[in-house]
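Written out below as structure tokens is the structure these notes cover.
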């Protein structure tokens, strides 16, 4: 199975931007074990590309509606990490953007350490 | 008691220069870990040669990029890395932090000290991979780099900025030649810049490296030398990167206009390390199972040896790569590659070594393609015909084995050849200053040794040097050391000294 076929199979697994269990079952029945592994990996990658992972110190600090406006084509998955203190960290596919107080404090610590050295 | 304003002021000073940037990172996940080489998915923004961090602890370098994965060589112990671990890009190309105080230090290819002293944190980050200086920035090799080894300085001269390969089987003194050359750099010739040395040990035993460091220390040259060590117990990635790290250090000093000598000991082991990495990466294997780009691995490294023109600081990097052959086979893949890249080779031979000729340099197979332009006038005027005469002697000696009847001229040539060969023998760690090398060559080429028994030549030479080193002969020694072309009257003066010495020499 080449990359092109794999991409087409992944695209065919969606109905209205959501994974379609019926289609996936149908496709997986037709694949060998090796091909199935590749297909699962490709589905995972596709899901990763379609999802924004958002970490915040507290759920009260965000407005999910306005965030959805920022990423209209993507699903937003929110989790809580109190260590961030203030701000947020989000992951879009394989890029991580960190706008948190924890990151700022870490950077200041690093800078002071370098000054001491 | 410090008041609050002072405390705040001190804190403010500490964070001065701090710039806040939102942290952005490109991440991926480990899919496979194959003995120091990992394949990671994600990392869509990684670039070739970029440094990455695996599991927030182990550094690696991106060596292959495909549409949905990156192959990374790990620069540290890799057994703890498992599938699913996070890989983060750093946005930095792999480099080594270099400062002036790296001289006298022993570091690994990442700049981590191996001598127990503190690390070099403040300095310039020099990239390990860099495109070599272009033709416009270069100039001809015109300054000699003295090895202190008579046979080399007279017949296979090396110039600053040259790449001269040292090739031969194991245990024949290749490293000895390189180490002697480093030791000789403590003798700075009049009017010439000092030469800093970098010794890159690749895939060697720790004990051998320790021995070399000890010797350099004993000879007082370690303070002008940097040792970059990737021993045989280090990961293949470090052994592959070691020569590039050494060159990056050399380029730091080159930028400052310094002359640098770099020894790669040896590139055969670097090629083995690269072959190992390439096979694990699944790259197609070529001749002797080396990957297709093995030539480029060596050529891009040795091309960084350079003599810069005055506008670019006038510094130089002289490279002495070492290649180990198997049973003297210089037509194997790696030897032929490196021979074609370099500007000449010094070939050490087991037959010569076993017959007591040390350094065991085969003058017939050795050549220096650009060094003669850098040879001093003084050396040129005495050593011009030496190489040809010695080659003729070897031929004659081979023929003379078959018959006893020889004409007087052939006998004379054979006797002279024996003495020349004996004279070019030199003890390890005893590099000679150029003036004494010239004096020895005058002694043999002008027939002063013809009546000295071969077994006394070595003693004759050392006693002659001692005699000529006295205050009485300072003028002629200075003349020989000046590097200028010798006139007939200079040679006559040297003849007189040798004759005078011979009167008191007991055979």
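Okay, here's what the table says:
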| item | result |
| --- | --- |
| Test: residue in the range B:456-477 that is modelled with pLDDT of 90 or more, farther than 20 Å from residue B:355 by Cβ and part of a loop (DSSP other than H, G, I, E, B) | no |
| Some residue of the range B:239-261 being without any contact (Cβ under 8 Å) to a residue 24 or more places away in the chain and surrounded by fewer than 24 Cβ atoms within 10 Å (Cβ to Cβ) | no |
| Unique match (being over 29 Å from residue B:258 (Cβ atoms) and in the same structural domain as residue B:301 (by TED's automatic domain parsing)) among B:356, B:344, B:313 | B:356 |
| Test: residue in the range A:90-108 that is free of Cβ contacts under 8 Å to residues at least 40 places away in the same chain, in contact with a helix residue (DSSP H, G or I) (Cβ under 6 Å, 6 or more places away or on another chain) and closer than 18 Å to residue B:24 by Cα | yes |
| Helices (runs of 4 or more DSSP H) completely within the range B:159-265 that count 3 or more residues being under 12 Å from the mean Cα position of the chain (by Cα) and not assigned by TED's automatic domain parsing to the domain that holds residue B:341 | none |
| The range B:453-472, residues that are under 13 Å from residue B:417 (Cα atoms) and either surrounded by 14 or more Cβ atoms within 10 Å (Cβ to Cβ) or assigned by TED's automatic domain parsing to the domain that holds residue B:150 (or both) | B:457 |
| Strands (runs of 3 or more DSSP E) completely within the range A:23-117 that count 2 or more residues being within 14 Å of chain B (Cβ to nearest Cβ) and surrounded by 13 or more Cβ atoms within 10 Å (Cβ to Cβ) | A:51-56, A:87-92, A:95-100 |
| Number of the exception - residue B:26 against (1) crowded, with 19+ Cβ neighbours inside 10 Å; (2) without any contact (Cβ under 8 Å) to a residue 60 or more places away in the chain; (3) facing chain A (nearest Cβ under 9 Å) | (2) |
| Qualifying position, being surrounded by 15 or more Cβ atoms within 10 Å (Cβ to Cβ) and outside the structural domain of residue B:483 (by TED's automatic domain parsing), among B:420, B:440, B:368 | B:368 |
| Qualifying positions in the range B:266-310 - in a helix (DSSP H, G or I) and closer than 18 Å to residue B:195 by Cα | B:310 |
| Failed criterion for residue B:57 (all others in (1) more than 14 Å from chain A (Cβ to nearest Cβ); (2) loosely packed, with under 12 Cβ neighbours inside 10 Å; (3) touching a strand residue (DSSP E or B) at 6+ places or on another chain (Cβ under 9 Å) hold) | (3) |
| Among (1) in contact (Cβ under 8 Å) with a residue 40 or more places away in the chain; (2) closer than 22 Å to residue A:49 by Cα; (3) out of contact with any helix residue (DSSP H, G or I) (no Cβ under 6 Å at 6 or more places or on another chain), the one test that residue B:71 misses | (3) |
| Only one of B:89, B:39 that is buried (at least 16 other Cβ atoms within 10 Å of the Cβ), under 34 Å from the mean Cα position of the chain (by Cα) and closer than 19 Å to residue A:45 by Cβ | B:89 |
| Search result, residues across the range B:354-406 that are more than 29 Å from residue B:478 (Cα to Cα), part of a helix (DSSP H, G or I) and within 28 Å of the chain's Cα centre (by Cα) | B:354, B:391 |
| Evaluation of residue B:9 against (1) more than 9 Å from every other protein chain (Cβ to nearest Cβ); (2) without any contact (Cβ under 8 Å) to a residue 40 or more places away in the chain; (3) under 17 Å from residue B:281 (Cα atoms) (one fails), failing number | (3) |
| Extreme residue, surrounded by the fewest Cβ atoms within 10 Å (Cβ to Cβ), among residues of the range B:60-72 that are touching a strand residue (DSSP E or B) at 6+ places or on another chain (Cβ under 7 Å) and within 12 Å of chain A (Cβ to nearest Cβ) | B:68 |
| Output for the range B:478-507, where each listed residue is on the phi > 0 side of the Ramachandran plot and at pLDDT 90 or above | none |
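The values are calculated or read from the model by the stated rules, or taken from the named source; none is laboratory data. Because the structure is predicted, anything quoted here is derived from the model rather than measured. Positions of Cβ are generated from backbone atoms using ideal geometry, with glycine treated the same way; all protein chains shown enter the neighbour counts.
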